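One structure is given below, encoded as structure tokens.
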Ligand SMILES: Cc1cc2nc3c(=O)[nH]c(=O)nc-3n(C[C@H](O)[C@H](O)[C@H](O)COP(=O)(O)OP(=O)(O)OC[C@H]3O[C@@H](n4cnc5c(N)ncnc54)[C@H](O)[C@@H]3O)c2cc1C
């Protein structure tokens, strides 16, 4: 099959058209233009267009964008709603909440000077800037395989073959994948990138680090009544309903422009009760009196879900390897104390571009080297300082829970400025925290009312998810017998609950319970790859272009 593939050569191949990948591309081309250097840079994006697979809150801290495009306003960047009000609520039940006084909120969570955006639309705009600077963008092309040189360095990537049937046979529409070879390859796939995961393993990039930690974020976009709309208002929350089962996480409700409101819940994936369903927790959360009041009478426009990486500096792998770099949430640069990763993803890409440009211009023959100067440049940047100051935030929440962890973070962030003289660690991976079905108290979720809360099928419908049905499953089981033999009786197959899109269903077949995988529903959130207690599910890219089509998430 390999010999059939066409091959193209570039100076730099970037995998992933999100904030990290596009910031890398834009910065590289800006530097090239300034010094009148020719560079060939390509960005591969698995979504049908840039932004189609991006789901974020999103409050954007414009620090990195200001550095990358000081004139972003004149260039029409879609940062239209400045934060005008910033509230934090502690929910104690469906009817009750306590508003946390401003001075008690950990400083990194303050949002003065930030913007409420659709990150998908910001990425679309960044894609336009990249193209105007001369970057080639290939949407609908998923990097499926890493190419290696004989010396073991990364030499580029190959896109997947198109037109292979579910039986593994070539269809009439078969087209072989394409090899994109590069002097250097930058991986910017976002949280739990499937190639990033392979690189971390192959080059032991996480040696000596805490395991990476994650949450799953569920989000809906609503159009609400005019009189309920307060453009620029940000409301964060914690406590109910997650606290009822001992889980942690947080909610968000942001008022954008044009009567649009986003509402979401992030559930930390270290939860232990196997009966917990992040999707249902989210649906229940929307019934909180203060949230329901805003949504009632409105229209739900869109739904989606995506994992969020939150291990911070303690879990950040080495970002360099021979022939490339891994940047943004693919590595884990998100600052969890701020619940923000867009500005840090952009900055990591900009540092990558500066390092790469220096290498390519001082040594025209350079290829396949390990760009060690990246680590020094990264450690000397504001990004490192930011991540260092917030290194204890996540571990404190995991170790001590919402109340004591919250108090610890208040002291660390507000009184000590992130300079606590020790570092807390959480060395238990998220997939290892699940208690068995017997040990976990049962949870009864109410049926959705169809006005504020909804079921999974009608939600997935709103994500515009589409996959070619006749293709090999992209959710692969390392051992197909494990879910039946282990997960089902022991944990009552948790995938049927933690998957926010109904991909995993337990069905009766031949008088037996079996796991059915509805891969066409997959919204590419990657939660199954993270939380499966047997670590038996491996998410790989489907045919390019497949997946959600988020208009403005
Ligand atoms: C619910 C939620 C709320 C959040 N809220 C905020 C917030 O308020 N503020 C904030 O700053 N951050 C927030 N974040 C985090 C923020 O979204 C991320 O930090 C940011 O998107 C990371 O950018 P990235 O470029 O590294 O990855 P991504 O934005 O995930 O982009 C990666 C891109 O790579 C593509 N890709 C992946 N694999 C491949 C492949 N193999 N081949 C081709 N293309 C590929 C993807 O389709 C995607 O377009 C939130 C995240 C979630 C989930």
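The values are calculated or read from the model by the stated rules, or taken from the named source; none is laboratory data. Just so it is clear, the model here is predicted, and its values are computed rather than measured. FYI the Cβ positions are ideal-geometry reconstructions off the backbone, even for glycines, and counts take in every protein chain you see.
Being closer than 30 Å to residue 220 by Cα, part of a strand (DSSP E or B) and more than 9 Å from the ligand (Cβ to nearest atom) is a property that residue 300 has. If you go through region 35-53 and keep only what is closer than 24 Å to residue 354 by Cβ and under 19 Å from the mean Cα position of the chain (by Cα), you end up with 43, 44, 45, 50. In region 348-453, counting only helices (runs of 4 or more DSSP H) that sit wholly within it, the ones holding 2 or more residues that are in contact with a strand residue (DSSP E or B) (Cβ under 7 Å, 6 or more places away or on another chain) and either surrounded by 20 or more Cβ atoms within 10 Å (Cβ to Cβ) or at pLDDT 95 or above (or both) span 373-379, 382-389.
Could you grab me the full set of residues in region 274-297 that are within 16 Å of the ligand (Cβ to nearest atom) and assigned to a loop (DSSP other than H, G, I, E, B)? Answer for region 274-297, where residues must be within 16 Å of the ligand (Cβ to nearest atom) and assigned to a loop (DSSP other than H, G, I, E, B): just 286.
For residue 112, state whether it is modelled with pLDDT of 95 or more and surrounded by fewer than 20 Cβ atoms within 10 Å (Cβ to Cβ). Spelling it out, it is not the case that residue 112 is modelled with pLDDT of 95 or more and surrounded by fewer than 20 Cβ atoms within 10 Å (Cβ to Cβ). Within region 28-51, the residues that satisfy the criterion of being surrounded by fewer than 24 Cβ atoms within 10 Å (Cβ to Cβ) and either within 30 Å of residue 81 (Cβ to Cβ) or within 8 Å of the ligand (Cβ to nearest atom) (or both) are 29, 30, 48, 49. May I ask you to list the residues in region 201-220 that are away from the ligand (no atom under 12 Å from the Cβ) and in contact with a helix residue (DSSP H, G or I) (Cβ under 9 Å, 6 or more places away or on another chain)? Listed by number, the residues that qualify are 205, 206, 209, 210, 211, 212, 213.
Looking for whichever is farther than 30 Å from residue 176 by Cα, near the ligand (Cβ under 10 Å from one of its atoms) and touching a residue at least 40 places away in the same chain (Cβ under 8 Å) here; the options are 57, 16. Which one fits?
57
Looking across region 320-347, the residues that are surrounded by fewer than 24 Cβ atoms within 10 Å (Cβ to Cβ), within 18 Å of residue 185 (Cα to Cα) and either touching a helix residue (DSSP H, G or I) at 6+ places or on another chain (Cβ under 7 Å) or modelled with pLDDT under 95 (or both) come down to 320, 321. Within region 2-13, the only residue that satisfies the criterion of being in contact with a helix residue (DSSP H, G or I) (Cβ under 8 Å, 6 or more places away or on another chain) and within 16 Å of the ligand (Cβ to nearest atom) is 12. When 328, 312, 349, 394 are checked against the criterion of being farther than 23 Å from residue 18 by Cα, within 16 Å of the ligand (Cβ to nearest atom) and within 17 Å of the chain's Cα centre (by Cα), 394 stands alone in meeting it. Scanning region 225-241 for residues that are over 27 Å from residue 101 (Cβ atoms) and in a loop (DSSP other than H, G, I, E, B) yields one hit, 225. Identification of strands (runs of 3 or more DSSP E) wholly contained in region 148-212 with 2 or more residues that are in contact with a strand residue (DSSP E or B) (Cβ under 8 Å, 6 or more places away or on another chain) and surrounded by 23 or more Cβ atoms within 10 Å (Cβ to Cβ) yields 154-159, 178-187. Considering only region 263-273, I want to know if a residue exists there that is in contact with a helix residue (DSSP H, G or I) (Cβ under 7 Å, 6 or more places away or on another chain), modelled with pLDDT of 95 or more, more than 24 Å from residue 550 (Cα to Cα) and assigned to a helix (DSSP H, G or I). No, the conditions are met nowhere in region 263-273. Restricting the first member to region 454-466 and to residues that are modelled with pLDDT under 95, and the second to residues that are assigned to a helix (DSSP H, G or I), the beta-carbon pairs closer than 8 Å and six or more apart or on different chains are 465/520; 465/521; 466/520.
Matching residues to (1) at pLDDT 95 or above; (2) farther than 21 Å from residue 117 by Cα:
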residue: 46; (1), (2): yes, yes
residue: 49; (1), (2): yes, no
residue: 54; (1), (2): yes, no
residue: 57; (1), (2): no, no
residue: 61; (1), (2): yes, no
residue: 73; (1), (2): yes, no
residue: 76; (1), (2): yes, no
residue: 80; (1), (2): yes, no
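Based on this model, can you work out whether residue 339 counts as within 16 Å of the ligand (Cβ to nearest atom) and more than 20 Å from residue 242 (Cβ to Cβ)?
no
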